[in-house]
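Report on the structure given below.
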Amino acid sequence: MTDISTAWSAVGGDPALLPRVSTVVREGALQARLPVRELARACVGACALAAAELGARRAGLAEVPEVRLDDGAIATAFVSERHLLVDGRAPVTFAPLSRFWRTADGWVRTHANYPHHRSRLLAALGVTGDDPDAVASVLAERSSHEVEESVYAAGGLAVALRQPKEWAAHEQAAAVARRPLVESARLDTARARVLPPLDGTPLLPAAGVRVLDLTRVIAGPVATRTLALLGADVLRLDPPQLPELTDQHADTGFGKRSATLDLAADRRTFEELLATADVVVTGYRPGALDRFGLSAQELAERRPGLIVAQLSAWGAYGPWRERRGFDSLVQVATGIAAIEGAASDGPAERPGALPAQALDHGTGYLLAAAVLRALTERREQGYGRCVRLALARTAWWLTNGSRPGPEGDVTYEAPDAWLAERDSALGRLRYALSPVSFTGGPVDWARPPGVWGAETAGWGG
């Protein structure tokens with residue numbers, strides 16, 4: 001079942017706290033053949049309850065604050081990148097070469113939003129320039145699985161469309177299915193620093209928590225954006241040679257500071273940051289950061305009590321563990337695109353997509369929930385933890401959940417109530433508010449996003 005009790009259990013929450021959660025149901029929100037609305041509600045609900053629980057513990061409250069979920073706020077936040085306006089300009093969410101293509105035997109989806117991925121895709125296909133017609137002509141003559149393998153070998157991103165049964169028989173699907181939705185393990189035997197008690201309003205459960213954010217794209221940044229909302233000092237670090245997409249950074253950069261750091265050339269700065277960090281969140285392929293001494297175990301050895309949160313597309317296991325991936329590609333591989341295509345108004349054989357990048361957003365909120373619960377457990381037990389999630393595992397949960405029937409009689413409303421505006425260094429921003437809501441908690445971020453990589457790699461005041 002894609003419900004909050006499953007998500008709450010996955011992050012180790014006490015089921016006795018579930019009655020603290022109430023929901024405003026809005027029909028039509030995140031409408032799809034699969035239970036996307038229910039998955040979104042579950043992930044946000046687990047995150048909000050984890051925040052309320054940690055806040056109550058740190059503030060010495062007798063009771064955990066009530067959590068209020070609103071399908072409208074959740075649906076708006078799950079497409080936050082579509083609601084973003086920068087000085088009235090709407091962002092471009094997918095590049096022209098990031099799309100579905102016909103192949104000789106079916107369909108393939110490519111991802112070429114970043115320049116280096118686009119150049120590798122074109123090189124693998126032997127196409128010069130960005131002409132979509134030339135790409136279409138080449139792909140039409142090749143099989144989808146041949147394209148998948150050749151583009152991957154060239155360091156690009158292309159995934160063949162699979163039916164649910166085809167994915168279920170795949171070795172990677174079997175590896176994913178054997179793992180829990182949220183993996184968690186104690187890291188060390190050294191006791192961590194104790195976070196000071198909280199007082200004042202709003203209640204900021206993560207106040208004083210230092211988070212090193214080594215994530216990119218949507219899922220990881222959504223998690224750290226949420227921790228920033230809850231009071232954490234979040235410092236995002238990116239390689240200087242890999243600039244983030246400007247609009248993507250604007251959407252997920254609320255509450256954070258952004259700096260660049262070459263881990264190979266400037267290890268001293270990273271080690272100084274790590275020495276007082278509470279959480280490190282990574283969003284690169286499993287093993288990609290190990291050569292810098294950034295495996296969970298190595299980090300914990302240098303910073304006892306650290307919480308390490310790891311996110312990947314396909315999981316840290318199975319034959320695809322080292323492959324790059326994004327939400328749109330995971331939807332295609334796991335049968336989601338085939339399921340949603342069958343429910344679309346177009347030709348039955350044409351693939352479809354979820355109404356939001358729900359694997360990214362859902363996994364992001366679930367990752368934040370896992371970090372918050374790890375902070376609560378660390379407060380009570382004194383030890384660091386490693387938590388690990390994968391988009392493909394979230395997809396397995398979604399596709400193997402049952403489809404609930406209609407609920408409630410409240411209709412989905414226009415999203416204006418869940419949008420806000422403010423000035424920033426990037427211009428006048430319209431943006432989606434966070435759906436993480438509990439009594440006494442924050443309603444907006446303390447600061448807007450700044451220019452990507454423009455700040456010093458150091459902690460705030």
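The values are calculated or read from the model by the stated rules, or taken from the named source; none is laboratory data. None of these values were measured; they are calculated from a predicted model. All Cβ positions, glycine included, derive from the backbone under ideal geometry; neighbour counts span all protein chains shown. Each accessible area value is taken on the protein alone, full model and side chains, heavy atoms only, with ligands, DNA and RNA left out. Shrake-Rupley method; radii C 1.70, N 1.55, O 1.52, S 1.80 Å.
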Requested in this report: Would you mind telling me which numbered condition in (1) crowded, with 24+ Cβ neighbours inside 10 Å; (2) touching a helix residue (DSSP H, G or I) at 6+ places or on another chain (Cβ under 7 Å) Ser312 fails?
Outcome: (2)
Query raised in the report: Of all residues in the range 295-307, which are on the phi < 0 side of the Ramachandran plot, open to solvent by less than 20 Å² (accessible area, probe 1.4 Å) and more than 20 Å from the chain's Cα centre (by Cα)?
Result: Leu299, Ala300, Leu306
Report summary line: Asp345 meets each of (1) out of contact with any Lys or Arg (no Cβ under 9 Å at 6 or more places or on another chain); (2) surrounded by 24 or more Cβ atoms within 10 Å (Cβ to Cβ); (3) modelled with pLDDT under 95 with one exception, condition (2)
Query raised in the report: Can you pull out the residues in the range 379-391 that are closer than 10 Å to Gly315 by Cβ and either at pLDDT below 90 or in a helix (DSSP H, G or I) (or both)?
Result: Leu391
Report task. Run Ala48 past the list (1) outside any strand (DSSP E or B); (2) touching a helix residue (DSSP H, G or I) at 6+ places or on another chain (Cβ under 8 Å); (3) of a type outside the set (D, E, K, R); (4) surrounded by 17 or more Cβ atoms within 10 Å (Cβ to Cβ) and report the number of the one that doesn't hold. Result -> (2)
Query raised in the report: If you go through the range 83-93, how many residues are in contact (Cβ under 8 Å) with a residue 40 or more places away in the chain, in a loop (DSSP other than H, G, I, E, B) and of a type in the set (A, V, I, L, M, F, W, C)?
Result: 2
Requested in this report: Kindly indicate whether Arg216 is farther than 30 Å from Ala104 by Cβ, of a type outside the set (A, V, I, L, M) and open to solvent by less than 50 Å² (accessible area, probe 1.4 Å).
Outcome: yes
Report task. Looking for whichever is under 24 Å from Arg303 (Cα atoms), modelled with pLDDT of 95 or more and of a type in the set (Ser, Thr, Tyr) here; the options are Thr394, Thr363, Thr376. Which one fits? Result -> Thr376
Requested in this report: Return the only residue of Thr334, Thr282, Thr269 being surrounded by fewer than 18 Cβ atoms within 10 Å (Cβ to Cβ) and of a type in the set (Ser, Thr, Tyr).
Outcome: Thr269
Query - Pairs where the first residue, in the range 169-194, is under 30 Å from Ala206 (Cβ atoms) and hydroxyl-bearing (Ser, Thr, Tyr) and the second is open to solvent by 30 Å² or more (accessible area, probe 1.4 Å) and assigned to a loop (DSSP other than H, G, I, E, B), C-beta under 8 Å, 6+ apart - result: Ser184/Gly12; Thr189/Tyr383
Requested in this report: Determine, yes or no, whether Ala56 is in a helix (DSSP H, G or I) and either farther than 28 Å from Leu429 by Cα or touching a Pro at 6+ places or on another chain (Cβ under 7 Å) (or both).
Outcome: yes
Report summary line: Filtering the range 277-295 down to residues that are touching a strand residue (DSSP E or B) at 6+ places or on another chain (Cβ under 6 Å) and farther than 14 Å from Ser312 by Cα yields Ala277, Asp278, Val279, Val280
Query - Top-ranked residue of the range 94-144 - restricted to ones that are among the polar types (S, T, N, Q) and free of Cβ contacts under 8 Å to residues at least 24 places away in the same chain, ranked as most open to solvent (accessible area, probe 1.4 Å) - result: Thr128
Report task. Any chance you could count how many residues in the range 285-320 are part of a loop (DSSP other than H, G, I, E, B), within 24 Å of Ala177 (Cβ to Cβ) and touching a residue at least 40 places away in the same chain (Cβ under 8 Å)? Result -> 8
